[in-house]
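Below is one structure, written out as structure tokens; comments come after it.
No lab work stands behind these numbers, since they all come straight from the coordinates. Source: prediction; values computed, not measured. Please note: Cβ atoms are built from the backbone with ideal geometry, for glycine as well, and neighbour counts cover all protein chains shown.
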Amino acid sequence: MSEEDNVLEVKPITPTNWPLMLAATMSTPLIDPQAGQHPRDPEVIWCPPLNSIGLSGIGKSHRIKWIARNCGINGVHTVLTSTKQPASFEGACVPTANGIVVECILPAARKCIQLAHQSNLIFFDEINGATPRTQGACMSALNDRQFGDHVIPPKTRMLAAMNPAKYSAGGFTFTAPMANRMGHVWYPTPPKAGWINWMNGLVEQALNLQNAEQLVIKNWDDQFRTVKALMTGFERRSEQKVFVCQPEPDDPESGQAWPSYRTWWWALCAITACRCLDIGLDTQLDFVGAYAGRSAQSLWGAWVNEARLPDPAKMLSDGWKPDNINIDVTYACLNNVTDYVVNMAKTNRQQAGQEAGKVWGFLESVIGVGQGDLTANCAARLHGNQLGRHGTPADTEQIASRVLELMTEKKLTLLATA
């Protein structure tokens with residue numbers, strides 16, 4: 001049987017560099033922006049779930065575990081999902097002197113809880129071998145990381161692998177909710193030379209997670225600001241269905257990658273991690289395809305190539321003019337430079353107050369070319385962070401006041417206050 005055979009009605013994205021993508025996944029923090037999280041925070045979860053799909057006997061499981069160990073994972077714990085019952089993930093009720101507790105009974109999870117001081121991986125092998133009832137129990141394990149009353153440590157990574165249902169031993173097609181709790185990539189059959197390298201014991205190069213984590217923590221603020229700005233501009237040009245589009249149950253795509261706010265968020269975190277680690281655009285686009293689907297991947301790729309946002313520091317030092325044609329690019333640039341100055345205020349409020357005057361000037365120029373609706377969100381963030389009032393330089397206060405008066409005149413409402 002050839003890989004060219006139609007083994008899936010909808011084939012997942014085939015990554016440009018599967019081992020690198022796997023390592024980058026394990027180097028991706030899932031921050032909660034509403035909680036003000038940063039990758040440096042010890043409670044931040046690392047590694048959005050990623051499922052590798054491929055034919056039998058071509059080394060999926062072995063390579064996943066080998067890459068994890070080569071990245072620096074101390075403990076790799078395999079869960080053969082097809083042999084598990086719902087209680088393996090839900091836990092079992094145990095009476096104690098203090099009442100009933102729901103005890104974690106999955107050995108892999110128990111080991112990770114006991115060895116919280118070290119890095120671990122739970123590898124769900126043959127994950128589509130779980131019955132639909134067991135899939136339901138597995139969903140909270142994948143996303144909430146909960147097994148019974150116990151939650152596994154944030155640096156315990158979780159990855160999965162499977163054969164297509166048609167070619168598995170009693171495999172099931174995922175329900176849409178189960179599919180949307182992980183990314184999906186096609187595991188390409190290694191060429192024969194790769195198998196010979198494996199036979200000869202040659203090590204597959206991958207990221208060192210300890211070093212990768214440090215780089216992500218160091219570079220996160222700058223890169224995440226740019227990714228957020230790109231998404232802000234992308235949202236203006238995209239239909240709602242690009243962000244949330246659950247397929248009908250009988251649609252083959254329902255068991256694969258489809259866009260939701262959850263999977264888009266994972267993709268953005270993975271893109272940011274790639275940028276922190278200087279991993280190229282091809283792999284960044286692979287993450288969009290793996291988590292939000294092929295259509296989203298294509299649209300995001302076109303937008304990123306078009307936008308090419310200028311560095312906000314250069315915007316402030318060299319000046320900037322709005323793009324009268326590509327208003328989405330203008331919108332993204334404004335959000336990028338606003339975030340830059342707001343973040344600057346956390347460490348150097350005096351300089352941020354001076355630079356904020358330039359940003360207010362950008363907003364004024366955008367209003368002047370008839371694109372005032374692009375300014376409300378940025379004006380609100382500057383105003384809410386007191387970058388234009390109460391202690392900022394007089395020049396900044398003056399131009400901020402002028403812009404706010406213009407916005408009132410043109411009935412442009414601030415979208416937020418902070």
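Some observations on this one:
- Stretch gain in nm, segment K241-R69, where the contour uses 0.36 nm per residue and the Cα spacing is subtracted: 58.0 nm
- Shape of segment 26-104, Cα gyration tensor, a/c cut at 1.5: oblate
- Amide H to amide H distances under 5 Å link F124 with V79, L159, A160, A161, where only residues 5 or more positions off or on other chains count and H is placed in the peptide plane.
- Applying 1/(1 + (r/R0)^6) with r as the Cβ-Cβ distance of E248 and A35 and R0 = 41 angstrom yields a FRET efficiency of 0.75.
- Here the label points at E405 and N197, each 7 Å from Cα along the C-beta direction, are separated by 6.7 nm in the simple model.
- Gain upon complete extension [A169, I58; 0.36 nm per residue less C-alpha separation]: 38.4 nm
- Flagged links, alpha-carbon separation over 22 Å, of K11/K84; K84/K111; K11/K60; K60/K166; K84/K166: K11/K84
- Under 17 Å from the Cα of K155 - aspartates and glutamates, other chains or at least 8 residues apart: D32, D41, E43, D144, E213
- Cβ-Cβ FRET estimate between A92 and H390, R0 fixed at 60 Å, reported to 0.05: 0.55
- Three principal axis lengths of the chain [C-alpha, angstrom, descending]: 69, 59, 44
- With Cα atoms, 0 to 90° folded angle of helix 327-344 axis to the chain main axis: 90 degrees
- Backbone amide hydrogens, once placed in the peptide plane, bring W186 within less than 5 Å of I13, T14, I53, excluding anything fewer than 5 places away on its chain.
- Counting only the Cα atoms, segment 196-281 fills a convex hull of 155 Å³ per residue.
- For segment 368-378, backbone phi angles converted through the Karplus equation (6.51, -1.76, 1.60; θ = phi - 60°) give residue-by-residue couplings of x, 9, x, 10, x, 5, 7, 9, 4, 5, 5 Hz, Gly and Pro being listed as x.
- Rounded to 5, percent antiparallel among DSSP beta bridges of the chain: 30 percent
- Spin-label pair K111-S317: with each label point 7 Å from Cα along the Cα-Cβ axis, the two points sit 5.2 nm from one another.
- Positive minus negative residues near Q146 (Lys, Arg vs Asp, Glu; Cβ under 14 Å): -1
- In nm, spacing of pseudo-spin labels at E43 and D144 (7 Å Cα→C-beta vector): 1.7 nm
- Rh by Kirkwood over Cα pairs, then Stokes-Einstein D for segment 85-194 at 0.890 mPa s and 25 °C, µm²/s: 160 µm²/s
- Straight-line cross-link partners of K411 among the aspartates and glutamates, defined as a Cα under 14 Å from its Cα and at least 8 positions apart when in the same chain: D373.
- Within a Gaussian network of the chain (alpha carbon springs, distance under 10 Å), most fluctuating of P29, P39, P95: P95
- Between helix 394-409 and the chain: long-axis angle, C-alpha atoms, 0 to 90°, nearest 10: 80 degrees
- Taking 21 Å as the straight-line reach from the Cα of K346, the lysines in range (excluding those fewer than 8 positions away in the same chain) are K218, K228, K314, K358.
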